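Take a look at the structure set out below.
The values are calculated or read from the model by the stated rules, or taken from the named source; none is laboratory data. Quantities reported herein were computed from a predicted structural model and do not represent experimental measurements. Cβ sites come from the backbone with ideal geometry, for glycine too, and all protein chains shown count toward neighbours.
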Amino acid sequence: MRDRIPDRRAPLPQFDRAKVPTPMSRLIYVINGPNLNLLGKREPHIYGSETLADVEADCRKAGADLGFDIRFLQSNREYEIIDWIHEAREAAGGIVINPAAFTHTSVAILDALSACSCPILEVHISNVHKRESFRHQSYVSLVASGVIAGFGTQGYTLALQRMAKLMPAASAGPDETPGTD
Ligand code: DQA
């Protein structure tokens with residue numbers, strides 16, 4: 001009988017934070033790179049006539065339908081994009097990024113994205129593969145789960161739909177395997 005009495009001096013089992021499943025964040029960062037603030041005015045024959053404000057409204061609507069909170073951002077400054085990626089690393093369930101010209105040049109953005117464990121989807125409004133050869137190379141594609149190019153601004157909402165598939169907790173049924181169709 002004595003054996004059954006718990007030893008009060010024995011250490012309590014430790015609470016292991018790492019073993020507690022954290023719910024997947026429904027916050028999606030939609031990050032836009034340089035010159036995309038000029039969308040609608042800049043080379044409309046390539047990028048169309050929708051403005052970035054229109055794209056943001058589309059993303060917010062699609063995000064609401066999919067159960068996502070959207071943080072929609074644009075900067076012409078590389079460091080600011082890197083800081084937002086660091087923020088997303090802590091807070092976001094996914095990143096949709098159109099790094100614009102930084103796609104083809106920025107090892108620093110690649111490194112920041114490499115530090116994130118959430119799904120990353122790369123979007124280009126134009127079909128970069130049909131354009132100059134320097135646009136065929138993307139550092140970001142090395143870490144992106146998928147790339148959408150040439151679907152116009154619709155690419156952003158398509159990326160959010162894909163994100164919902166990659167994050168089943170946000171919208172898909174329980175027996176749906178992440179990352180499959
Ligand atoms: C772009 C394609 C890039 O090559 C270009 O520098 C951009 C926009 C696109 O959305 O098609 O600024 O990312």
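Can you confirm whether Ile109 is touching an Asp or Glu at 6+ places or on another chain (Cβ under 9 Å) and crowded, with 18+ Cβ neighbours inside 10 Å? Spelling it out, Ile109 is indeed touching an Asp or Glu at 6+ places or on another chain (Cβ under 9 Å) and crowded, with 18+ Cβ neighbours inside 10 Å.
Could you tell me whether Met163 is modelled with pLDDT under 95, more than 9 Å from the ligand (Cβ to nearest atom) and either surrounded by 14 or more Cβ atoms within 10 Å (Cβ to Cβ) or closer than 22 Å to Thr51 by Cα (or both)? Judged against the criteria, Met163 is not a match.
Among the residues of segment 97-132, just one is under 17 Å from the mean Cα position of the chain (by Cα), among the small types (Gly, Ala, Ser) and within 8 Å of the ligand (Cβ to nearest atom), namely Ala100. Among the residues of segment 25-39, the ones that are within 13 Å of the ligand (Cβ to nearest atom), not in a helix (DSSP H, G or I) and not hydrophobic (A, V, I, L, M, F, W, C) come to 4 in all.
Report whether or not Ala57 is within 16 Å of the ligand (Cβ to nearest atom) and surrounded by fewer than 17 Cβ atoms within 10 Å (Cβ to Cβ). No, not satisfied. A Cβ distance below 9 Å, combined with a sequence gap of six or more or placement on separate chains, defines the contacts here; from segment 102-114, residues that are over 9 Å from Tyr139 (Cα atoms) reach residues that are part of a helix (DSSP H, G or I) and within 11 Å of the ligand (Cβ to nearest atom) in the pairs Ala108/Phe102; Leu113/Val140.
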